[in-house]
1. Just L260, L47, L242 to compare: in a GNM of the chain, with alpha carbon springs under 10 Å, which one fluctuates most?
2. Among H172, H84, H213, whose mean-square fluctuation peaks in a Gaussian network model of the chain (Cα, cutoff 10 Å)?
3. Does anyone have the angle between helix 315-350 and the longest principal axis of the chain? Alpha-carbon axes, 0 to 90°, nearest 10?
4. Order M128, M273, M180 by their accessible area, 1.4 angstrom probe, all chains in place, largest first.
5. Hey, of (1) 58, 25, 17; (2) 30, 26, 23; (3) 43, 22, 17, which did the structure itself give for semi-axes √(5λ) of the Cα gyration tensor in Å when calculated?
6. Between the helical axis of 2-17 and the dominant principal axis of the chain, each derived from Cα atoms, what acute angle in degrees is found, rounded to the nearest 10?
7. Decide, for segment 134-218, between rounded, prolate and oblate: order the square roots of the alpha carbon gyration tensor eigenvalues as a ≥ b ≥ c, take rounded if a/c falls under 1.5, and otherwise choose prolate if a/b is larger than b/c, else oblate.
8. Which of S91, I42, I219 sits farthest toward the positive end of the charge dipole of the chain, with +1 on the Cβ of Lys and Arg and -1 on the Cβ of Asp and Glu?
Amino acid sequence: MGTLFQDVRYGFRMLRKNPGFALVAVLTLALGIGANSAIVTIVNAELLQPLPYPEPDRLVYLNEGNALSSIGYPNYVDWAAQNHAFENIGSTTKGASFVLTGHGDATLVPGTYIANGFLPALGVKPQMGRGILPSDDKPGATPVALISYKFWQQQLGGDANVLNSNLQLDDHNYAVVGVMPADFKFLFDQQPEVFVPIGLTANSIENQDRAKHNGVYAIARLKPGITMQQAQSDMDLISARLAKAYPNIDYEKQATVHSLYEVTVGGMRSWLMLLLAAVGLVLLIACANVANLVLVRVEGRRQELAIRSALGARWSRIASELLVESLVLGLLGSLIGLGLAYGGLRILLSAAPKGLPRLNEIGIDGSV
């Protein structure tokens, strides 16, 4: 260990004697490592990490036809009532918002509508209180709401008596029945702060239209041992029954079952892998350039190394010192590269196309 520390000190001294070489080599490595770390961070979050829910391989996305579009709410109700393949099935909406009053100035709060089976399908439970019950999720029920941990802390000051307190949303009073976990990640890369039962709006004109795709999205959790093919067969039977029950509605596009993971990230895989290959090539070029610089530098030290050998230094000892010098270059390049990666990642995320999935899960961690 003492020899290693001695070699490290010697390596730093040699780099200080050649600041131009050290600067070029370290910056070259830092650029390659920084670019790779930033892209690998995105690929890791988007493609390599499972969805942040228990047993994510059992989660599926349901829609009508092959297009990953929304569904008619009445169709979801029938799917929930008639299926035999799902342990839980739920629905939600995108892009809802509510005007919050009664807590200072009126504030527009991002929110969403969810069915009572939505959180059980994801395998998520509130951190405090309870979820939405079937009795909450129907027209005429007493309005209730779940709130995010962030909303609880920032808007309500972390009030310990928050449960069953009232929120005034869009001039309607909602009883707070639960607080979501702090690390809960919603679908579609949204950050809703208020969750309201979708069944409260079941009698609206939009939600009564069976043929209309009105922004309702369905997910489900497969029963243990049920495959996606079996679930698809089950949904085919339900679609056939609905086609007979409602002959005036176009049911040529039957209900389809997709992996929720594939729906979430499948469209991004090709270009992310292409981008990863591109920055990998950049890193290889950077390493090759630094290797050439090191070889040229060693060639310039040929006389020094020959004298040391003549004085009795073993070639294994000399090789060890040269290796440690290279490791010092690599360490410095890695540290600066990680700093560049943090900055570059922020730039990439700010310029990311709208709708890029799992943005809130992207971050440099130990595995990266």
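The values are calculated or read from the model by the stated rules, or taken from the named source; none is laboratory data. Computed from a predicted structure; not experimentally measured. Here the Cβ is made from the backbone with ideal geometry for all residues, glycine too, and neighbour counts use every protein chain on show. Note: areas computed on protein heavy atoms with side chains; ligands, DNA, RNA excluded. Shrake-Rupley method; radii C 1.70, N 1.55, O 1.52, S 1.80 Å.
1. Highest fluctuation of the listed residues: L242.
2. Evaluated over the chain, the most mobile residue of the options is H172.
3. Result, in degrees: 30.
4. Details: M128 45, M273 90, M180 0 Å².
Ranked from most to least accessible, the order is M273, M128, M180.
5. (1)
6. That helix lies at roughly 80 degrees to the long axis.
7. It comes out oblate by the Cα gyration axes.
8. Towards the positive end, the residue furthest out is I42.
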